[in-house]
Amino acid sequence: MAISKEAEQDVQQQSALSDDQPRKLLTVNQVEREFQVGGTPLRVLKGINMELKERELVMLRGRSGSGKTTLLNSLGGLDTPSSGEIWFNGLPFHSMSDDERTLVRRKHMGFIFQAFALMPLLSAWENVELSLRMAGTGRSEWKERVTHCLELVGLEKRMHHRPFELSGGEQQRVAIAKAIAHKPMLLLADEPTAELDSGMSAQIMAVFQNIIRTEQVTICMTTHDPTILEVADHVYEMVDGKFV
């Protein structure tokens, strides 16, 4: 299906609603995901129902193999459910084409990966600037926005260092700055603290809370770390492809 100008305008109008009452940003209805493994069907997601509201920090908790990464990929349109519905900001993600989902992701979503996914030969500044280039942000906005994002994650004194000159926690903060540079509505993070010690994990969660307040973004992340659950607005516990 094509996204009409009217639909895009409706998305923008919904985004401009009052901040007094957080609205639903994403809704998941009876989502199933099945893969073929050696000719045998493997059900990875089993009737998932959930919702994300504006300015929330939501965690998907579960052991490896529980289905949380598959669900996160489906929320971001990187994968499509075998059945069920995923509605993002009023748009039917489950029935849109790959190109249409790509356009929505580019404009309205940010992604943070466990392995940081930074360009090794680029500085922190250049990595964040690259995100703005890819999003089609006007060149006149780059300097101010890059500076703001790196200051927001506490790297104003390290912005010209390359990834190999930064600690793991600092690299993750660059990845966060890169993910929020184009002002997404939704930030999806796959095990963002898995490679960090407890002190750095706490710092990353503090950064998440700060950007929810300042950038008005919703964050959904996967984790198996019980020590960070207390900062979440909502925790979905996943076992064997379903919530318990």
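Being under 10 Å from the mean Cα position of the chain (by Cα) and of a type in the set (Val, Ile, Thr) is true for just one of THR218, THR214. Which residue is that?
Values: THR214 fails: under 10 Å from the mean Cα position of the chain (by Cα).
Exactly one residue qualifies, and that residue is THR218.
Considering only residues that are farther than 26 Å from VAL174 by Cα and among the polar types (S, T, N, Q), which ones fall in the range 73-118?
Of everything in the range 73-118, those that are farther than 26 Å from VAL174 by Cα and among the polar types (S, T, N, Q) turn out to be THR80, SER82, SER83, ASN89, SER95, SER97.
Being modelled with pLDDT of 90 or more and among the polar types (S, T, N, Q) is the filter here, so list the residues in the range 100-123 that pass it.
THR102, SER123, listed by residue number.
Taking the criterion of being at pLDDT 95 or above, of a type in the set (Asp, Glu) and surrounded by fewer than 19 Cβ atoms within 10 Å (Cβ to Cβ), would at least one residue in the range 72-83 satisfy it?
For the range 72-83, residues at pLDDT 95 or above, of a type in the set (Asp, Glu) and surrounded by fewer than 19 Cβ atoms within 10 Å (Cβ to Cβ): absent.
From the list GLU126, GLU144, which one is surrounded by 12 or more Cβ atoms within 10 Å (Cβ to Cβ), over 18 Å from the mean Cα position of the chain (by Cα) and at pLDDT 90 or above?
Among GLU126, GLU144, only GLU126 is surrounded by 12 or more Cβ atoms within 10 Å (Cβ to Cβ), over 18 Å from the mean Cα position of the chain (by Cα) and at pLDDT 90 or above.
What number goes with the only condition from (1) assigned to a strand (DSSP E or B); (2) surrounded by fewer than 20 Cβ atoms within 10 Å (Cβ to Cβ) that GLU195 does not pass?
(1)
Is it fair to say ALA177 is in a helix (DSSP H, G or I) and either in contact (Cβ under 8 Å) with a residue 24 or more places away in the chain or of a type in the set (D, E, K, R) (or both)?
yes
Only one of (1) buried (at least 17 other Cβ atoms within 10 Å of the Cβ); (2) under 15 Å from LEU150 (Cβ atoms); (3) in contact (Cβ under 8 Å) with a residue 40 or more places away in the chain fails for MET185. Which number is that?
Status for MET185: all satisfied but (2).
Would you confirm whether or not the range 199-207 contains a residue that is buried (at least 20 other Cβ atoms within 10 Å of the Cβ), over 16 Å from the mean Cα position of the chain (by Cα), on the phi < 0 side of the Ramachandran plot and touching a residue at least 12 places away in the same chain (Cβ under 8 Å)?
Looking through the range 199-207, at least one residue is buried (at least 20 other Cβ atoms within 10 Å of the Cβ), over 16 Å from the mean Cα position of the chain (by Cα), on the phi < 0 side of the Ramachandran plot and touching a residue at least 12 places away in the same chain (Cβ under 8 Å).
Hey, LEU229 hits all of (1) surrounded by 14 or more Cβ atoms within 10 Å (Cβ to Cβ); (2) more than 13 Å from the chain's Cα centre (by Cα); (3) within 24 Å of ARG55 (Cβ to Cβ) but one; which does it fall short on?
Result: LEU229 fails condition (1) only.
Sort out which residues of the range 32-91 are farther than 21 Å from ALA194 by Cα, in a strand (DSSP E or B), of a type outside the set (A, V, I, L, M) and within 17 Å of the chain's Cα centre (by Cα), and write them in order of number.
GLU51, LYS53, TRP87, PHE88
Do you know which residues across the range 95-140 are β-branched (Val, Ile, Thr) and in contact with a strand residue (DSSP E or B) (Cβ under 9 Å, 6 or more places away or on another chain)?
Hits for the range 95-140 are VAL104, ILE112.
So the check is Cβ under 9 Å with 6+ separation or different chains; which pairs have a first residue in the range 222-243 that's touching a residue at least 60 places away in the same chain (Cβ under 8 Å) and at positive phi and a second one that's of a type in the set (A, V, I, L, M) and not in a loop (DSSP other than H, G, I, E, B)?
GLY241/VAL44; GLY241/LEU45; GLY241/ILE48; GLY241/LEU71
The values are calculated or read from the model by the stated rules, or taken from the named source; none is laboratory data. Please read these numbers as outputs of a predicted model, since none were measured by experiment. Cβ: placed from backbone, ideal geometry, glycine included. Neighbour counts: every protein chain shown.
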